[in-house]
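Accompanying notes for the structure given below.
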Amino acid sequence: MVSVETDVLVVGGGPAGSAAAYHLAHHGVDVLVVDKAAFPREKVCGDGLTPRGVKALLQMGVDPTEPGFTRVEALRTTGFGHTLELPWPETNGFPSYGVVRTRHDLDDLMLRRATSAGARLSERTEAVRPLMHDGWVAGAVLQQEEGEEPREVRARFVVAADGASSRFAGQAGVRRVAARPLGVAARRYFRSPHDPGPFFESWLDLYHEGSYLPGYGWVFPVGDGILNVGAGLLNTFRDFREMSSRKIYEIFLAQVPREWELTEENAVGPILSGPLPMGMNRRPLAVPGLLVAGDAGGFINPFNGEGIAYAIESGQIAAELIHDALVRDRPGLAHVYPAVLRQRYGRYYALGRAFVRAIGRPAIMEASVRYGLPRRRFMEFLFRLMTNLADGGEQVDEKLMKAIVRMAPERR
C-alpha cells in the first residue's frame, strides 16, 4: 500500500475543514484536505450567515461584500398575526450585517481559499478508516476511486470535519450523546416574485393536528429572484419520530402566501433534507491524534439552528491548537481542545439545550410566540441571545445576556 506523510490531515472540505486547513496553511503547516465529493457540490442548508458567521469568514480573508453574497440587515419574524423586524444587535466585535450564499458556492469558495493559502486538496477521496498506532490516530486509509488500491496518509494530527454522520470520527470512538438535541430540516430553492428585501424571514407558528411545533420555517434571499425556503423541527417534540423533515417542510409551505408562487413549476432543484446535530452533542471531541470540528462535533446552535459560524470557529480553534502543538513539539497541547470548547460554548449551549427542551412542549412553544412576539423589547433581547452576539460590551442587554449564560451549568 502506497504511503505518504503530512503534518495534518483534514477529513472533510466543508466550512469546518476549510477553516482548519486555511489557518494551518496560513501558519505554514503542511496540511492535506480530503473529501469524497468534488467541489462545488450541493449541501443541505439554509445558506444564511449571521454577523457571527460573517466575522468568521472575514478571519479567513473571504470578502462577504463581493458579488455572489446577498446582504441581510435584519430578521423579519412572524407568528399569530404579528410581524416584527429586528435589526442585528449593535456590538463592537461583530459586523452589522449577515449574508446569504448557497453552500454550493460558499463551500467551494472557502476550500479554494484554503488551497490558495497552501493546503493540498484531494477530491473524490474517501477516508475509509483511521490509522491507529499505540492508541493514537496517526492518519487514515484513503480510497480515491473504486477499484483503485487504497493508500495510507500518515499525519501527526487529524481533524475530523466530515459532517453530521462523521463515520470517520465514529471509528475513532466518537459517539452521539443521545440526551442532547437533534433537529431535522428540509429546504428547496424557488424562483419567486416575492422580494424579502435585506431580511431573513422566519415563521414561528407552525401548526399541525392541534399542536404548535418546536421549530420554524424560513425564507432567505439567495439573489437573482431565488429564495431558499425551508423548515426545521427539534427532536424534543413528543411526536418527533412520527414527523419527517419533508412533512414539516410541507406544513410550512402550506402557510406561505400563494402570491409568492412557491409552486412545483417554480422550483429550482429537489427538496433536500438532513440532520442538525446541536449543542456539542458528540463525545469525546478529541481522542489522541484527532480533533472533531463542525457538524461532526454537533456544534450547531440549539437556539436558532445556525451551524456555519460554529463550524468555521471550531475549525479555527482546532488549527490554532494544533499549530501550537507542532511548534512546541508537545502533542498533548492539542488535546486541551475540549476544554477550550467548553469554556467558549459550554454554558451557552447548556442554556440552549434547556431552551429546546422547554419549547418541545407545544403549550410552551405556543405561549412563547403568542405572548413574546408582540413585546419588542423582549424580542430584541431574545434575538441577541439566540444569535449569540455579545462581545464584552457595556450595553445593558449584553450584561444581562452574560449574566444569564453564567448561571447555566458548564456540563461536560
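Among the trypsin sites (Lys or Arg not before Pro) found in segment 285-383, those both in a DSSP coil and sparsely packed, with 13 or fewer other Cβ atoms within 10 Å of their Cβ, are Arg375. Remark: relative contact order (segment 292-412) = 25 percent; criterion is Cα-Cα distance under 8 angstrom and separation of 6 or more residues.
Please give the net charge around Gly274, taking every other residue with its beta carbon less than 10 angstrom from that of Gly274, where Lys and Arg add +1 and Asp and Glu add -1. My count for the surroundings of Gly274 gives +1. Compared with the dominant Cα axis of the chain, that is its longest principal axis, helix 376-387 is turned about 20°. Dipole orientation for segment 130-281: of the candidates Gly215, Phe157, Ile226, Phe157 has the Cα lying most toward the positive pole (charges on Cβ; Lys, Arg +1; Asp, Glu -1). Principal axis extents of the Cα atoms in the chain, from largest to smallest and rounded to whole angstrom, are 63, 50, 42. Label segment 1-89 by shape, choosing from rounded, prolate and oblate, from the square roots a ≥ b ≥ c of the eigenvalues of the Cα gyration tensor; if a/c is under 1.5 it is rounded, and otherwise prolate applies when a/b is larger than b/c, oblate when it is not. Prolate, because a/c is 1.5 or more and a/b exceeds b/c. Taking a ≥ b ≥ c as the square roots of the eigenvalues of the Cα gyration tensor, segment 40-98 is classed as oblate, since a/c reaches at least 1.5 and a/b does not exceed b/c.
In terms of the mean number of neighbouring beta-carbon atoms within 10 Å, the peptides 148-154, 118-124 order highest first as 118-124, 148-154. Helix 396-407 and the longest principal axis of the C-alpha atoms of the chain enclose an angle of approximately 60°.
Projecting the Cα atoms of Gln343, Ser96, Val29 onto the charge dipole of the chain, computed from C-beta unit charges around the Cα centre, puts Gln343 farthest toward the positive end. Amide hydrogen proximity for Val137: with H placed 1.01 Å from N in the peptide plane, the residues at 5 or more positions away or on another chain lying under 5 Å are Gly289, Leu290. The HN-Hα couplings worked out from phi for segment 266-273 by the Karplus form 6.51 cos²θ - 1.76 cosθ + 1.60 (θ = phi - 60°) are 9, 6, 10, x, x, 6, 10, 9 Hz, whole numbers, x standing for Gly and Pro. Simple point charges give the picture: +1 on the Cβ of Lys and Arg, -1 on the Cβ of Asp and Glu, and for the chain a dipole about the Cα centre of about 1640 debye.
The amide H of Glu5, built 1.01 Å from its N in the peptide plane, has Arg154 as neighbours under 5 Å, considering only residues 5 or more places off or on other chains. Dividing the alpha-carbon radius of gyration of segment 188-326 by the rule-of-thumb value 2.2 N^0.38 Å gives 1.26. Ordering of 397-406, 125-134 by packing is 125-134, 397-406, highest average first (other Cβ atoms within 10 Å, averaged per residue). Backbone geometry of segment 247-262 corresponds, through the Karplus equation with coefficients 6.51, -1.76 and 1.60 at θ = phi - 60°, to 3J(HN,Hα) couplings of 5, 5, 5, 5, 4, 5, 4, 5, 8, 6, x, 4, 5, 6, 6, 8 Hz, x marking Gly and Pro. Scalar couplings 3J(HN,Hα) for segment 228-237, obtained by applying the Karplus form with A = 6.51, B = -1.76, C = 1.60 to θ = phi - 60°, are 8, 10, x, 7, x, 9, 9, 7, 6, 6 Hz; x denotes Gly and Pro.
In percent, rounded to a whole number, the relative contact order of segment 53-96 is 29, using alpha-carbon pairs under 8 Å and six or more apart.
In units of 2.2 N^0.38 Å, what is the alpha-carbon radius of gyration of segment 147-265?
1.43
For the chain, the longest principal axis of the alpha carbon atoms and the long axis of helix 15-26 meet at an angle near 50°. Which log10 I(q)/I(0) values, to two decimals, does segment 327-381 give at q = 0.12, 0.21, 0.31 Å⁻¹ under the Debye formula with one point per Cα? Evaluating at q = 0.12, 0.21, 0.31 Å⁻¹ gives log10 I(q)/I(0) of -0.51, -0.87, -1.09. Each Cα pair under 8 Å and six or more residues apart adds its separation to the average, and for segment 1-82 the resulting relative contact order is 23 percent.
With the biggest extent put first, the Cα atoms of segment 296-412 measure 56, 33, 25 Å across the principal axes. Applying the criteria of a DSSP loop state and at most 10 other Cβ atoms within 10 Å to the GluC sites (Glu not before Pro) of segment 197-298 yields Glu209. For segment 201-259, the set of trypsin sites (Lys or Arg not before Pro) satisfying both a DSSP loop assignment and a count of at most 16 other C-beta atoms within 10 Å is given as Arg238.
Coordinate-derived values only; no laboratory data. Not measured: the values here are computed from a predicted model. Cβ atoms come from the backbone with ideal geometry, glycine included; neighbour counts cover every protein chain shown.
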